[in-house]
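Derivation of every value follows stated rules applied to the coordinates shown; laboratory data play no part. No experiment lies behind these values; they were computed from the predicted model shown. Cβ placement follows ideal geometry from the backbone for every residue including glycine, while neighbour counts extend to all protein chains displayed.
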């Protein structure tokens, strides 16, 4: 019991994503939290929506301390869903991070790409137009793969 209390104190002070994932693993373990262990992707939908809405409210109010807390709650939802998915053999938190990293690089060819677009998009409107074009192409390729 004392060992877990010390571990909890150490995890509570951490600022690493790995520590948050570890906390979630502990909560979902057989000796963890009964409420957390009963959750599913479906039961968590309302919390994901609530936390996103609360983060948006904090931005509108320019309440930066509250935004820090609410973004943490949104991040917790990402970690929670990822932990459930890992247990179901669907994907991991690392897969989620890799997917968003890949998407951000792909959809910013004006920053990360070759000479074709590097530095050529000068306005936010140009960037949004290119983003939409790239996204449309990605969705079309995904739909084609799904058919095959």
Quiz item: Which of 56, 125, 85 moves the most in a Gaussian network model of the chain with Cα springs under 10 Å?
Solution: 125
Exercise. Give me the angle, in degrees from 0 to 90, between the Cα long axis of helix 41-61 and the longest principal axis of the Cα atoms of the chain, rounded to the nearest 10.
Key: 70
Quiz item: Between 32, 113, 72, which gets the highest mean-square fluctuation from a Gaussian network model of the chain, Cα cutoff 10 Å?
Solution: 113
Practice problem: Note down the nm distance, to one decimal, between modelled labels 7 Å out along Cα→Cβ at residue 14 and at residue 141. | Solution: 3.5
Quiz item: How far apart, in nm, are two points set 7 Å out from the Cα along the Cα-to-Cβ line at residue 95 and at residue 116?
Solution: 2.9
Exercise. Find how many whole Å separate the alpha carbon centroid of region 97-142 from the alpha carbon centroid of region 68-93.
Key: 26
Practice problem: Quick one: angle between helix 64-87 and the longest Cα principal axis of the chain, in degrees between 0 and 90, rounded to 10, please. | Solution: 80
Quiz item: Say we join alpha carbon atoms closer than 10 Å with springs in a Gaussian network model of the chain; which of 122, 62, 49 then has the biggest fluctuation?
Solution: 122
Self-check item: Rounded if a/c under 1.5, otherwise prolate or oblate - the chain, Cα gyration tensor axes
Solution: prolate
Quiz item: Which value in deg cm²/dmol, rounded to the nearest 500, describes the helix-derived mean residue ellipticity at 222 nm for the chain, given -39,500 (n - 2.57) per DSSP H run of n ≥ 4 and division by the residue count?
Solution: -25000 deg cm²/dmol
Quiz item: How far apart, in nm, are two points set 7 Å out from the Cα along the Cα-to-Cβ line at residue 29 and at residue 45?
Solution: 3.2
Practice problem: Provide the FRET efficiency to the nearest 0.05 for the residue 105-residue 128 pair, computing r from the beta carbons and using R0 = 30 Å. | Solution: 0.95
